[in-house]
Amino acid sequence: MDFSVIADNLSYFLLGAWPHGPLGGAALTLVLSISSALASGALGLVLGVALATTHGPAHQGLVLALGFFRAIPVLMLIFWTYFLLPIVFGFNVPGTGTVVVALSLIGGSYLAHSVYAGIASLPPGQWQAAAALGLRRADALRHVILPQALPIMLPSFLNQWIALIKDSSLAYVIGVGELSFVATQVSNREMVYPTEIFLFVALLYFIICSSLELGAGAIARRYGSAEKQT
Amino acid sequence: MIRIENVSKWYGQARVLAGCSTRIAEGEVVVVCGPSGSGKSTLIKTINGLEPFDEGTIVVNGVSVGAPGTDLPRLRARVGMVFQSFELFPHLTVRENLALAQVVVLGRSRDEAHARGREYLARVGLAGFADRLPAQLSGGQQQRVAIARALCMDPVCMLFDEPTSALDPEMVGEVLDVMVELAGEGMTMVCVTHEMGFARKVADRVIFMDQGAILDDCPSEEFFGNRAGRPERAQQFLARVLSH
């Protein structure tokens, strides 16, 4: 094995053509992951609360829409938004934006169900107690229900976000120069180092995903211990 | 203070409230008793609109509970309620449990809310417990905090839904003591409870329910003193709960 191919192309792996060209490589993977993590988290929270607070046809419609996004492959949605968004909005959407939209929709749909489950797992008496004190539903959610439900949901968010980091590699199909894309590029150019290159790529994904997990664990521990101390 | 007229409620085919009517005057303490499943918890929860009802009228402090335009949260802010399973907010300290609705609903400042909280916490005998979490308290202590939380809102009346049923026997007394004191101060109270000792000692009136209907509604001396004059179902119930 000869890892000099990594050293020679390190900047390209990590940053793509930046600063002379567009950002790419591991940095773009991070950008894609962070933006779609934030967007999917917000979407999941809003839709999960909507699931928990709607009844009848509105609820059914929501379940159906979420089911749709959970049932189609990420790859298909990426293709789909790539070709559909320009038709809908009348201008070209950059590949990066397409991927973020696709990942956020799918991640948000999964998270919506986690948020819903977290809210539903609380005893109904908590809603009643909040209502009996005169809190309106939005205030009850904000001050009573979500602060209890969010820690329960944290593992689901973490799972979803880790899946999302890895799914961002699918962006290569529409030519977005994230980590997998530049790795394939370098590999095709150098021809004889696929093992070294993809070992290195695996290591990078591992580092990114593990840092997220460790970070979340640290936050959970600090939050948990703070709660016990007070 | 509270007027309940011909209130009925169905769950599908099952009628859980059957034409209930009664009036509760200001300062009156009324105990609602009856076998389990008789609809007494449902009835008390219709008073602050936690349970919707299908027919009849309930007017609390001049506000019609079932009317379409009624601002229920606003009404509930003035009607204290204590639940069987306490329902303190487990993620908040006792201090924050007491302050939350004062700040969010009544718009009091945090300092004001905490001062009020301290006052009522002392009233229920838990002055040193403001920084604890609910899970660090015994059941009896939690229920006393729940009573204090309701009192912080300056309620015009208090509803108690089996406040001692989930407690170990040795903790029932401490909660009843607080309720007795509250009754002595002239608070209007409606209590669903099986504590017949409390009913006899404190209640002005006793309402007996069975199968969703109010079968008996009389002064407590009459209820406990004139056993022969009670409806048959009430006699059976009294024989069972008073025999031990």
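The values are calculated or read from the model by the stated rules, or taken from the named source; none is laboratory data. Everything numeric in this text was worked out from a predicted model, so none of it was measured. So basically every Cβ, Gly included, is an ideal-geometry build from the backbone, and we count neighbours across all protein chains shown. SASA here: full protein model, heavy atoms, side chains in, ligands and nucleic acids out. Shrake-Rupley method; radii C 1.70, N 1.55, O 1.52, S 1.80 Å.
Give me the one-decimal nm value for the distance between modelled label points at B:V241 and B:H194, 7 Å along each residue's Cα-to-Cβ direction.
The two pseudo-label positions are separated by 0.9 nm.
If you stretched the chain out fully between A:R189 and A:H20, how much longer would it get, using 0.36 nm times the residue separation minus the C-alpha to C-alpha distance?
Length gained, A:R189 through A:H20: 58.8 nm.
Just add up the charged neighbours of A:F206: K/R +1, D/E -1, any other residue whose Cβ is under 15 Å from the Cβ of A:F206. Mind showing how you got there, number by number?
Details: positive: A:K166; negative: A:E213.
Here the count lands on 0.
Note the angle between two axes, namely the Cα long axis of helix B:94-104 and the longest principal axis of the Cα atoms of chain B, as a number of degrees from 0 to 90, rounded to the nearest 10.
So the helix axis and the longest Cα principal axis differ by about 80 degrees.
To the nearest hundred square angstrom, how large is the accessible surface buried between B and A, total for both chains, probe 1.4 angstrom?
Working: alone 10990 and 12650 Å², together 21740 Å².
Result for this pair: about 1900 Å² buried.
Could you please state how large a percent of the accessible area of chain A is carbon and sulfur, counting protein chains only and using a 1.4 Å probe? Don't skip to the end; give the middle numbers.
On the way: 8200 of 11680 Å².
That share works out to 70 percent.
Using a simple spin-label model with points 7 Å from Cα along the Cα→Cβ vector, what separation in nm is obtained for B:V59 and A:L214?
Inter-label distance under the simple model: 6.9 nm.
Any idea of the accessible area per residue across the stretch A:23-124, 1.4 Å probe, to the nearest Å²?
It amounts to 46 Å² per residue over the stretch A:23-124.
Once you keep just the Cα pairs under 8 angstrom separated by 6 or more residues, what percentage relative contact order results for chain A?
Value for chain A: 29 percent.
Hey, any idea what the orientation-averaged projected area of the convex hull of the stretch A:143-192's Cα atoms comes to, in nm²?
Value for the stretch A:143-192: 5.1 nm².
If Rh is defined by the Kirkwood formula over all Cα pairs and Rg also comes from Cα, what ratio Rg/Rh do you get for the stretch B:1-122? Write down the numbers at each step before the final one.
Numbers: Rg = 16.7 Å, Rh = 16.3 Å.
Expressed as Rg/Rh, it is 1.02.
Summarise the long-distance tail of P(r) for the stretch B:115-244 by giving the % of C-alpha pairs beyond 22 Å.
Across the stretch B:115-244, Cα pairs with separations above 22 Å total 42 percent.
Quick one: which bits of the stretch B:101-124 get at least 20 Å² less accessible when the partner protein chains are in, versus the chain alone, with a 1.4 Å probe?
Buried on complex formation: B:A101, B:V104, B:V105.
So for the stretch B:88-154, averaging the separation of alpha carbon pairs under 8 Å that are six or more residues apart and normalising by length, what relative contact order in percent results?
Across the stretch B:88-154, relative contact order equals 47 percent.
From Cα pairs below 8 angstrom and at least 6 apart in sequence, can you work out the relative contact order of chain B, rounded to a whole percent?
Details: 448 pairs, mean separation 65.6, N = 244.
Reported as a whole number, the value is 27 percent.
When the Kirkwood radius is taken over all Cα pairs of the stretch A:1-59, what Stokes-Einstein diffusion coefficient follows at 37 °C and 0.692 mPa s, in µm²/s?
Translational diffusion coefficient: 226 µm²/s.
From the protein chains alone at 1.4 Å, what is the descending order of accessible area for B:E174, B:E26, largest first? Don't jump to the answer; show the numbers that get you there.
On the way: B:E174 50, B:E26 150 Å².
Reading off the accessible areas and sorting them downward yields B:E26, B:E174.
Starting from the exponent 0.38 and prefactor 2.2 Å, build the expected Rg for chain B from its residue count and divide its actual Cα Rg by it.
1.01
What number, in nm² with one decimal, is the all-direction average of the projected area of the convex hull of the alpha-carbon atoms of the stretch B:88-154?
Mean shadow area of the hull around the Cα atoms is 3.8 nm².
Using only Cα atoms, find the angle between the long axis of helix A:146-167 and the longest principal axis of chain A, and express it within 0 to 90 degrees, rounded to the nearest 10.
Taking Cα atoms only, the helix is inclined about 20 degrees.
Which FRET efficiency value, to the nearest 0.05, do you get for A:A138 and B:D177 by plugging their Cβ-Cβ distance into 1/(1 + (r/R0)^6) with R0 = 25 Å?
Plugging the Cβ-Cβ distance into 1/(1 + (r/R0)^6) gives 0.10.
If I take R0 = 35 Å and measure r between the Cβ atoms of A:L203 and B:A135 in this structure, what FRET efficiency does the formula 1/(1 + (r/R0)^6) give, to the nearest 0.05? Display every interim value, and only then the final one.
Details: r = 43 Å, r/R0 = 1.23.
Given R0 = 35 Å and the Cβ-Cβ separation, E is 0.20.
What value does the stretch A:4-229 have for Rg/Rh, both radii from Cα atoms and Rh as Kirkwood defines it? The partial results should precede the final answer.
Details: Rg = 20.7 Å, Rh = 19.5 Å.
Reported Rg/Rh (Cα atoms, Kirkwood Rh): 1.06.
Starting from the Kirkwood radius over alpha-carbon pairs of the protein assembly as shown, derive D by Stokes-Einstein at 4 °C in a medium of 1.567 mPa s and give it in µm² s⁻¹.
49
Mind listing the long-range amide H neighbours of B:L17? Cut-off is under 5 Å, sequence gap 5 or more, other chains count too, H placed in the peptide plane at 1.01 Å from N.
So B:L17 has HN proximity to B:K9.
Step through the residues of the stretch B:70-75 one at a time and calculate ³J(HN,Hα) from phi using the Karplus curve (6.51 cos²θ - 1.76 cosθ + 1.60, θ = phi - 60°), rounding each to whole Hz and writing x for Gly and Pro.
Result, rounded to whole Hz: 5, 7, 4, x, 5, 5.
May I have the extent of the alpha carbons of the stretch B:15-72 along their three principal axes, as whole Å values ordered from largest to smallest?
Taking the Cα atoms of the stretch B:15-72, the three principal extents are 35, 30, 17 Å.
Quick one: divide the alpha-carbon radius of gyration of the stretch A:40-86 by 2.2 N^0.38 Å and tell me what you get.
That ratio works out to 1.34.
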